[in-house]
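The block underneath contains the structure these notes are about, expressed in structure tokens.
Rule-based calculations on the coordinates, nothing more; no lab input. All of these numbers come straight from a predicted model, not from anything done at the bench. Virtual Cβ from ideal backbone geometry, glycine too; neighbours counted across all protein chains shown.
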Amino acid sequence: MDASKGLEFLKSLTVESLMKALEEKLYVADRELATALYLAIQMRKPLLIEGEPGCGKTEVAKVLAEILGTELIRLQCYEGLDASDAIYEWDYPRQLLYIKMLESRKDITELESEIFSERFLLKRPLLRAVLHPGPLPPVLLIDEIDRADEEFEGFLLEFLAEYQVTIPEIGTIKAKVEPITILTSNRTREIGDGLKRRCLYYYVTYPSKEKEMRILKLKVKGLSDSLAEQLVAFVNVLRQRPDIMKKPGISETLDWANALMKLGAKELNREVLRSTLVCIVKTQDDLARIDVDSFASFTNRQG
């Protein structure tokens, strides 16, 4: 979708049209999620999506950017992330090289104004979002905010309130067009109340069996109903077991279905299960807790 079509789509946006557009891009969204996205776009408020890993939180932002035909700007959070990593840094090697080239031909004041200009900025995600030229807003994805420190979370409060950044040598730069902002969290720690107050909120959990079947059939072409039912039944049993620490998300179910299609498997039997558990079980401890024989009998009964 080009910029003009993207703008037209936004002007006529409804919850129903957004749900339809998401599904056309192979993303199955509940009405509640589509409504949260719709309100985030219309109200220009950040949307915080929390939930289990592998349940499609990050994918929402990717698909939305694709629908609008706009840029996806992603800030991947991690412990120790600070403002320089998120906003900008000066390209010191290029500045020094430029100084050496021109110091004999320009006075210090003129040289200083040149080296502290936008051409020598290394633009990190938040500054890129602010400098985005429009007319379509970019989609700003602040991914796994729970992995960042509380200090960085506090910094985000000001940024999300004004969508502007201050560079001492240049001044304050305010966004020409405010980004559509989506934050995700896997809940490895509790997000502060201040950030939550800035955002709309949606919690993503594991899908119902019916929804997961629909996702599989939509995204894995050629998958039979009987094999899809066996996969969904198996995964749901794993999710309900309290002793399984890393429960499989939708992304693992899709990986497993694609792997079985590559192998030409027609059903889940003992041998297939044993050889393909690598797609959905991600720790040795969890693998040791699974009795392949009993699960094979269960899934065969489901099919």
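In the Gaussian network model of the chain, springs joining C-alpha atoms below 10 Å, which of Gly56, Gly171, Gly194 carries the largest mean-square fluctuation?
Gly171
Roughly how large, in nm² to one decimal, is the mean projection of the convex hull of the alpha-carbon atoms in the chain? Don't jump to the answer; show the numbers that get you there.
Working: hull surface 78.4 nm².
For the chain, averaging the hull's shadow over all directions gives 19.6 nm².
Pick out, from Gly222, Leu273, Leu287, the residue whose Cα sits farthest towards the positive end of the charge dipole of the stretch 209-302, with +1 on the Cβ of Lys and Arg and -1 on the Cβ of Asp and Glu.
Gly222
Once you have the Cα-Cα distance between Leu96 and Glu169, take 0.36 nm times their residue separation minus that, and quote the gain in nm to one decimal.
24.6 nm
Relative to the longest principal axis of the C-alpha atoms of the chain, give the angle of the C-alpha long axis of helix 15-24, reported between 0 and 90° and rounded to the nearest 10°.
Result, in degrees: 70.
Residues of the stretch 35-66 with amide nitrogen under 11 Å from the 7 Å Cα-to-Cβ point of Tyr201?
48-50
How large is ³J(HN,Hα), in whole Hz, for each residue of the stretch 232-241 in order, when computed from phi with the Karplus curve 6.51 cos²θ - 1.76 cosθ + 1.60 and θ = phi - 60°, using x for Gly and Pro?
Values, residue by residue: 5, 4, 5, 5, 5, 5, 4, 5, 7, 7 Hz.
In the stretch 209-284, if every C-alpha pair distance is counted and binned at 5 Å from zero, what percent goes to each bin?
3, 16, 31, 27, 16, 6, 1
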